[in-house]
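Following this message is one structure expressed as structure tokens.
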Amino acid sequence: MNLPAISVRNLVKRFGETTVLEGIDLDIPEGKVSCLIGPSGSGKSTLLRCIAFLEEASEGMITVNGEALGFYETPKGERERLPAAQIRGVRSQIGMVFQQFNLWPHMTALGNVSEALKTVHRVPRREAEERAMAQLRKVGLGHRAGHYPAQLSGGQQQRVAIARALALQPKIMLFDEPTSALDPELTGEVLNVMRDLAAEGMTMVVVSHEIGFAATVGQQISFLDHGKLLFTGAPAEVFAKPRHPRLEQFLDTYLDRGASMLVA
Ligand SMILES: Nc1ncnc2c1ncn2[C@@H]1O[C@H](COP(=O)(O)OP(=O)(O)OP(=O)(O)O)[C@@H](O)[C@H]1O
Ligand SMILES: [Mg+2]
């Protein structure tokens, strides 16, 4: 058994009095596409943000390729925070793409993709721009490098955001509803880029309501409901014969939207 790329153990997340994630245990296999599905408000984004360390879990442990992220357990079983430099090192293995692309409006596509390389990673300008160009070409936007976000379609902007994350050479990519803000005709181009990435063996965690994508590209599907992980399994187990009543109810809602043929 390979070490999981990400391992989540007994993760709890509270916002004030509200418990949003309750005792999540999840292994993300290396080199595969894992999908998180579940109703609105079930905690999908919060779980992804905890894995990216954009939120700090209230309890529990996360490891990334065997290294503790954020907190570790002392020999006495106490939970201690790791030094900031160590947290940065583990976090740098993870790239994230959001529903809202969050590009800098005053920078070109090339600027957006090369900025962190130059300013955070101190890569010399020319090399940073070469690496950024290579990523833009990879997402099919080599010819749009000089365009500003406002001059790009939503699908193109999201592909720039993917290129920006990839330029930092993450080992794991997290996607939080990357196509939800897009018109249906632009969704396909983003999903195709994600499919290519999956085919290259990138470890991916994808939150998506694109049940068709989850069913055809996903290799592990986890279903979250009210902050609890109710089920993790292979796509066939989840979609073809859902056993859990809440999952069945959820799929009824989404499969009604015409995706049923994709998983039949
Ligand atoms: N910063 C916050 N402060 C307080 N409550 C929050 C915060 N972020 C999220 N929540 C709450 O946590 C719960 C889970 O939210 P989350 O955004 O993770 O759900 P989700 O599954 O991603 O939903 P959606 O499908 O609508 O994106 C919700 O009840 C939400 O209101
Ligand atoms: Mg969300």
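Throughout, read-outs are computed from the coordinates displayed, never taken from laboratory work. Values in this document were obtained by computation on a predicted structure and should not be read as measured data. Counting neighbours? That spans all protein chains shown, and the Cβs are built from the backbone with ideal geometry, glycine included.
Treating only the Cβ of Lys, Arg, Asp and Glu as charged (+1, +1, -1, -1), what charge dipole size does region 123-191 show about its Cα centre? Round to the nearest 20 debye.
400 debye
Label the chain by shape, choosing from rounded, prolate and oblate, from the square roots a ≥ b ≥ c of the eigenvalues of the Cα gyration tensor; if a/c is under 1.5 it is rounded, and otherwise prolate applies when a/b is larger than b/c, oblate when it is not.
Note, shape of the chain comes out oblate.
Determine the calculated [θ] at 222 nm for the chain from helices alone, applying -39500 (n - 2.57) to every DSSP H run no shorter than 4 residues and normalising by the residue count; nearest 500 deg cm²/dmol.
Value at 222 nm, helices only, nearest 500: -10500 deg cm²/dmol.
Between region 119-166 and region 83-105, what's the alpha-carbon centroid distance in Å?
One Cα centre to the other: 16 Å.
Here is a further query. Longer than 24 Å from Cα to Cα, which of LYS13/LYS118; LYS138/LYS171; LYS44/LYS241; LYS118/LYS138; LYS171/LYS241; LYS32/LYS76 are they? Say none if no pair is.
Those over the limit are LYS13/LYS118; LYS171/LYS241; LYS32/LYS76.
For the chain, give the magnitude of the charge dipole about the Cα centre (Cβ charges: +1 Lys/Arg, -1 Asp/Glu; no others), in debye to the nearest 20.
Charge dipole of the chain: 700 debye, to the nearest 20.
Hey, in the GNM for the chain with a 10 angstrom Cα cutoff, which one of GLN99, GLN156, GLN86 fluctuates hardest?
GLN86
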